[in-house]
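The values are calculated or read from the model by the stated rules, or taken from the named source; none is laboratory data. In this text the structure is predicted, and so the values were computed from the model without any measurement. Here the Cβ is made from the backbone with ideal geometry for all residues, glycine too, and neighbour counts use every protein chain on show. What goes into the accessible areas is simple: the full protein's heavy atoms, side chains included, and nothing from ligands, DNA or RNA. Shrake-Rupley method; radii C 1.70, N 1.55, O 1.52, S 1.80 Å.
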Amino acid sequence: MAEITLTINDKEVKGEDGDTILNVCQKNDIDVPTLCHFDGIPDMGSCRICIVEIEGSGRPRISTSCTTPATDGMIIQTDTEKLRGMRRNVLEFLLSEGNHHCMYCAASGDCELQDLAYRFGIDYIKMPVTPSEESTHVDSSQRYLVADPNRCILCYRCVRVCNDMAGNQVLGISNRGSKAQIISDMGENRGESGCVSCGTCVQVCPTGAILDRRSAYMGRKTEVDTTKSTCLFCSVGCGNEIISRDNYLIRIEGDWDAEPNKGLLCVLGRFSPLYDECRARANKPMIRKDDQLQKATWNEALNAVAEKLKFTDKDKIGGLVSTHATTETLKLFAKYSDDMGAKNVGCIEGPISDPPEKGFDLSDLNDADLYVVVGEDLSEGLHQVVGFLIKRNLIERDKRLVIVNDEETGLIEFADKHLKISELDKAIELCKDAENPIVVYNDEAINQVDKMREELADNAKFFWMPPGINSRGALAAGLDGEFDPDKASCVYVMACEAGDISEELLSKLKKADFVAVQTSYMEPWDEVADVILPTTIWAEREGTVINMEGQELKVNKAVDPPKEVKAEADILNALAEKIG
Amino acid sequence: MPKVTVATDWLDVCAGCHMSLLDMDEHLIELLSKIEITSSPITDLKEPPEEGVDVGILTGAVSDTHQRRVARRMRERCKILVAIGDCAAMNGIPTMRNDLTPDDVLTRGYVETESTVDGKIPKSREIARLLPQSMPVHEVVKVDVNLPGCPPSAESIYFVLKELLEGRIPTLSGEYLKYD
Ligand code: SF4
Ligand code: SF4
Ligand code: SF4
Ligand code: SF4
């Protein structure tokens, strides 16, 4: 890129061809106030706070710096009396429309409009303060968020992220001028629209116009603790920020700096853990006596398990693990099972296929021109962020999506073609014609994908969606085998949060002589466990996981576990010591 | 040196701003060596003296004919008028009724409230009439200093009064400029 030289506020500064004036200012630490600008989404100059004066023949021209390309030799002023006055006017207009009475706004203290109003010393508003007649309907139809158009400043950040970043294409604008309003789909309530609750709009809204219901009024940014970690609800391994206050979990946000997701999260990672998890926490060790689980001390519970493991024939011992666990814990589990000679060990999700591709880079999705999705849904359940990364690319005309699946999947409305599995050959032909095809698949589609691999050789990339969260960690620990409940009379389960267990497996476990479960929640294990060993949840865990890309990602502890709850590895070590 | 005279009054408002004034605690005692509070809604004397005061303080928005009279009287009787609180400076809570007509507001309040039986909108010449819109003080009379906040902190009220005593019109920023 060619270097360009500009004069900004009488100082010579450098930029690159293709930069906007705002880019150049930011690169050179020149402070230009902004409001609608947001890193990572296209600028549109809707708020007009970032205006600058550009000198030319005649009077200086006033332009929004975020949308004006910087050119070599430009002479620019960013902070004149005139600009300050104009910015103040813009702010007063924004504050005068709608409801900007901060005393009863959940965003107060964390609001970019308020910050600017303070910065410009606004102590009264020249124009009449009147709520707009158009936008008094507060939309609280969505389960996780509330949209209050009265506090909306029409910066369009939410519209841009919903469409361009998360690819969900739900939000838009209706009407023009003072009647303009953010709408969902064709004007439906958000709860009845196609909104998939990814929450990206909540995270970027600069004001109190979109709020996370649960955390509203629970603490300002300066009052809460933020812990960067990794989402433990599927194998994308999205980077998140866990927001807590006094050891209480408040909210989960996407980490803009994290590689796989760059700030995006899906409903499973952002909202469900705090809104939808309603199982009772396992918070004390328990032993079954007279067919009832009863409170015990850690010593009693560990002794009961150690006794059983010690005196059971090793061929009758079974081990079942959840991939919610960190790689370190999975390796420890594998080591202790080996030490005991137990071989009937596997993951709750079943055996894991070990694909030839040891890893891939999700950001390659941006360079692909054809996406073939085999077996996966990507619109609900796991790996939704991969769905977003694909959908947002489909905005570009020459990119196509092909679904190979006998069922209807959620991505079909975005797809160019929906093929049956018997039509796999057509998909292979399309890949041959494409420049940069990427095949996204899961273990259900192994056979089809093997065939594609054979025919396409190196001409396509294959992205495996592992069945569990840390399946690659389980592979690294050698835990890819199958657990056979019929062969085990004494079963040790390291369940962590896992609760989605088939009835069949549960009923088989019920028949075993002895089942010990190391778990975060009582359900469904209280039905089958003889001993419950309470362990941490995602926000209390520390270690690493290996995501679908093969990247090792750090999981950090945001809050302390309840008093009697122990970390997974501590339980395993204590048990190993007792067994000797 | 004669003391600087100060009068306060309230309009469409809760008592929070006046509570914040009292919340100055020991600063109030310090200030009282330099200023004299001639009248206020929370003292025996309610109305600003006819001979006038140096500083007039108003809290609250202007929403009815009585409040408009009170605002005008304070303006006439003071040299420097200070509007304290979000309601006085920026219209605040009373703005909520601005997309309704006064009739709607009264009907809701006196007739439709869930606990009301056979309610009637009271009518008497002695009762002030609601203005079509509630307004911040500066829309009715000239204001010299606006101090927003709901309520503004005791420190910011103290800051404003100290600045005025020093002969300066205060400029608010940092901790002294808050809307909540
Ligand atoms: S959105 Fe911002 S400016 Fe508007 S009321 Fe809320 S905190 Fe105040
Ligand atoms: S939650 Fe996601 S899908 Fe729903 S409106 Fe916001 S950005 Fe769009
Ligand atoms: S809802 Fe928030 S993000 Fe969307 S346009 Fe309004 S202020 Fe901007
Ligand atoms: S895609 Fe997976 S890792 Fe990302 S937020 Fe959703 S559940 Fe968490």
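Points worth noting:
- Area accessible to solvent at B:Ile42, 1.4 Å probe radius, in Å²: 70
- By accessible area with a 1.4 Å probe, ligands and nucleic acids excluded, highest first: order of A:Glu81, A:Glu307, A:Glu413: A:Glu413, A:Glu81, A:Glu307
- Backbone amide hydrogens, once placed in the peptide plane, bring B:Glu36 within less than 5 Å of B:Val4, B:Thr5, B:Val6, excluding anything fewer than 5 places away on its chain.
- Residues A:Tyr124, B:Tyr158, A:Tyr248, A:Tyr217 ordered from highest to lowest accessible area at a 1.4 Å probe: A:Tyr217, A:Tyr248, A:Tyr124, B:Tyr158.
- Here the Karplus curve 6.51 cos²θ - 1.76 cosθ + 1.60, taken at θ = phi - 60°, turns the phi angles of the range A:40-49 into couplings of x, 10, x, 7, 9, x, 7, 8, 6, 7 Hz, with x standing for Gly and Pro.
- Principal axis extents of the C-alpha atoms in the range A:112-212 (largest first, rounded to whole Å): 41, 26, 23.
- Stretch in chain B that is longest and holds no GluC sites (Glu not before Pro) that DSSP places in a loop and that have at most 15 other beta carbons within 10 Å: B:52-113
- Euclidean distance of C-alpha centroids, the range A:209-228 and the range A:152-179, integer Å: 23
- Radius of gyration over Kirkwood radius for the range A:233-296, both on Cα atoms: the Rg/Rh ratio is 1.19.
- Semi-axis lengths, largest first, of the ellipsoid equivalent to the range A:158-206 are 17, 13, 9 Å, with √(5λ) applied to each eigenvalue of the Cα gyration tensor.
- Shape call, chain B: gyration tensor on alpha carbons, a/c limit 1.5: prolate
- Accessible surface ranking that places the most exposed of A:Phe93, B:Phe159, A:Phe514 first, with a 1.4 angstrom probe: A:Phe93, B:Phe159, A:Phe514
- The mean number of Cβ atoms from other chains found within 10 Å of a Cβ in peptide B:88-97 is 5, as a whole number.
- Estimated dipole of the range A:53-146 in Debye, rounded to 20 [Cβ of Lys and Arg +1, of Asp and Glu -1, Cα centre]: 200
- Within the accessible surface of the range A:3-79, defined with a 1.4 Å probe on protein heavy atoms only, the carbon and sulfur portion equals 43 percent.
- For B:Val105, the solvent-accessible surface with a 1.4 Å probe is about 40 Å², rounded to the nearest 10.
- Selection from B:Ser156, B:Gly60, B:His27 lying farthest towards where the dipole of chain B points positive, charges on Cβ: B:Gly60
- Mean separation of Cα contacts under 8 Å (6+ apart) over length of the range A:112-212, as relative contact order %: 32
- Integer Hz, Karplus 6.51/-1.76/1.60 couplings in order for the range B:29-44, x for Gly and Pro: 5, 4, 5, 5, 6, 10, 10, 10, 8, 6, 6, 5, x, 9, 10, 5
- The listed peptides A:139-147, A:260-268, A:99-107, A:219-227, ordered by packing as a protection proxy, come out as A:260-268, A:99-107, A:139-147, A:219-227 (highest mean of other Cβ atoms within 10 Å first).
- Look at where the Cα atoms of the range A:545-580 and of the range B:103-168 average out, and the two centres are 58 Å apart.
- Residue-normalised convex hull volume from the C-alpha trace of the range A:3-79: 86 Å³ per residue.
- Contact order for chain B, expressed relative to its length and based on alpha carbon pairs under 8 Å spaced 6+ residues apart, stands at 25 percent.
- Using a Förster distance of 25 Å, the FRET efficiency for A:Asn28-A:Glu81 (Cβ separation, nearest 0.05): 0.65
- Across the range A:29-154 the C-alpha pair distances fall into 5 Å bins from zero in the proportions 2, 9, 17, 20, 18, 14, 9, 6, 3, 1, 0, 0 percent.
- Measuring r between the beta carbons of B:Ser153 and A:Glu552 and using R0 = 41 Å, the FRET efficiency lands at 0.25.
- Helix runs (DSSP H) in chain A reaching 30 Å along axis by Cα, Kyte-Doolittle at least -1.0: none
- Compared with the dominant principal axis of the Cα atoms in chain B, helix B:154-165 is inclined by about 60°.
- Cα-centre dipole for the range A:362-465 with unit charges at Cβ (Lys and Arg positive, Asp and Glu negative), debye to 20: 240
- Note that the range A:258-266 has calculated 3J(HN,Hα) couplings of 6, 5, x, 10, 6, x, 6, 9, 10 Hz, one per residue in order, obtained from phi through the Karplus relation 6.51 cos²θ - 1.76 cosθ + 1.60 (θ = phi - 60°); glycine and proline are x.
- When B and A come together, around 1800 square angstrom of accessible surface is lost from both chains combined, probe 1.4 Å.
- Alpha-carbon centroids, the range A:408-469 and the range A:277-314: separation in whole Å: 46
- Rounded to 5, percent antiparallel among DSSP beta bridges of the protein assembly as shown: 45
- Residue-averaged 222 nm ellipticity for chain B, from DSSP H runs of 4+ at -39500 (n - 2.57), nearest 500: -7500 deg cm²/dmol
- Averaged over B:130-143, number of beta-carbon atoms from partner chains that fall within 10 Å: 2
- Cross-link table A:Lys289/A:Lys510; A:Lys331/A:Lys563; A:Lys295/A:Lys316; A:Lys284/A:Lys578, entries beyond 22 Å C-alpha to C-alpha: A:Lys331/A:Lys563; A:Lys295/A:Lys316
- Measuring spread by the Cα atoms of the protein assembly as shown yields a radius of gyration and Dmax of 32.8, 103 Å.
- Three-way shape call for the range A:336-454 based on the alpha-carbon gyration tensor, with the a/c threshold at 1.5: prolate
- Extension gain, A:Lys358 back to A:Gln181 (0.36 nm per residue minus Cα-Cα distance, nm): 59.0 nm
- Chain B: Lys pairs at Cα distance under 25 angstrom, eight or more positions apart or on different chains: 16
- On full extension, the segment bounded by A:Lys510 and A:Arg281 gains 80.3 nm, given 0.36 nm per residue less the C-alpha separation.
- Averaged over the residues of peptide A:115-125, the number of Cβ atoms from other protein chains lying within 10 Å of each residue's Cβ is 6.
- Within straight-line reach of A:Lys417, meaning a Cα separation under 25 Å, sit the following lysines at least 8 residues removed in sequence or on another chain: A:Lys391, A:Lys399, A:Lys426, A:Lys432, A:Lys451, A:Lys461.
- Rounded accessible area of A:Asp17 (nearest 10 Å², 1.4 Å probe): 80
- Using only side-chain charges placed at the Cβ, +1 for Lys and Arg and -1 for Asp and Glu, the dipole size of the protein assembly as shown relative to its Cα centre rounds to 2200 debye.
- Each stretch of four or more DSSP H residues adds -39500 (n - 2.57); spread over every residue of chain A, this sum gives -6500 deg cm²/dmol at 222 nm.
- Sequence-separation-based contact order of chain A, relative, with Cα cut under 8 Å and 6+ spacing, percent: 13
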